[in-house]
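The values are calculated or read from the model by the stated rules, or taken from the named source; none is laboratory data. This one's a predicted model, so the numbers in the text were calculated from it and none came from an experiment. Neighbour counts are summed over all protein chains in view; Cβ atoms, including those assigned to glycine, are modelled from backbone coordinates with ideal geometry. SASA here: full protein model, heavy atoms, side chains in, ligands and nucleic acids out. Shrake-Rupley method; radii C 1.70, N 1.55, O 1.52, S 1.80 Å.
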Amino acid sequence: MNTAPLNFQNELKEQVTKVTNTAEQHRVFIAEANAARKQVIKSGTGYKAKDVHKYLRDRIADKKTSSPKL
């Protein structure tokens with residue numbers, strides 16, 4: 001019995017499922033980002049860019065740091 005076609009079908013199904021899941025995760029990420037952007041624009045609050053940049057530089061350098069303040 002040749003199981004190659006069955007293996008191919010299973011592999012194809014797994015790959016389609018993986019791509020579909022990834023696309024859905026991307027859609028949710030974009031929707032959440034858009035909602036967050038609207039909220040920031042509406043509230044007028046946000047972090048100072050220099051504070052965020054310092055925080056990210058410190059995190060990348062494995063330095064202990066606190067989150068930027070609003």
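Out of curiosity, is K13 over 20 Å from the mean Cα position of the chain (by Cα) and loosely packed, with under 10 Cβ neighbours inside 10 Å? No, not satisfied. Here L6 fulfils each of the conditions (1) of a type in the set (A, V, I, L, M); (2) open to solvent by 100 Å² or more (accessible area, probe 1.4 Å); (3) in a helix (DSSP H, G or I) apart from (2). Quick one: would you say K50 is open to solvent by 100 Å² or more (accessible area, probe 1.4 Å) and either at positive phi or outside any loop (DSSP other than H, G, I, E, B) (or both)? So K50 fits the description; yes. Of the set (1) open to solvent by 100 Å² or more (accessible area, probe 1.4 Å); (2) at pLDDT 95 or above, all apply to N34 but (1).
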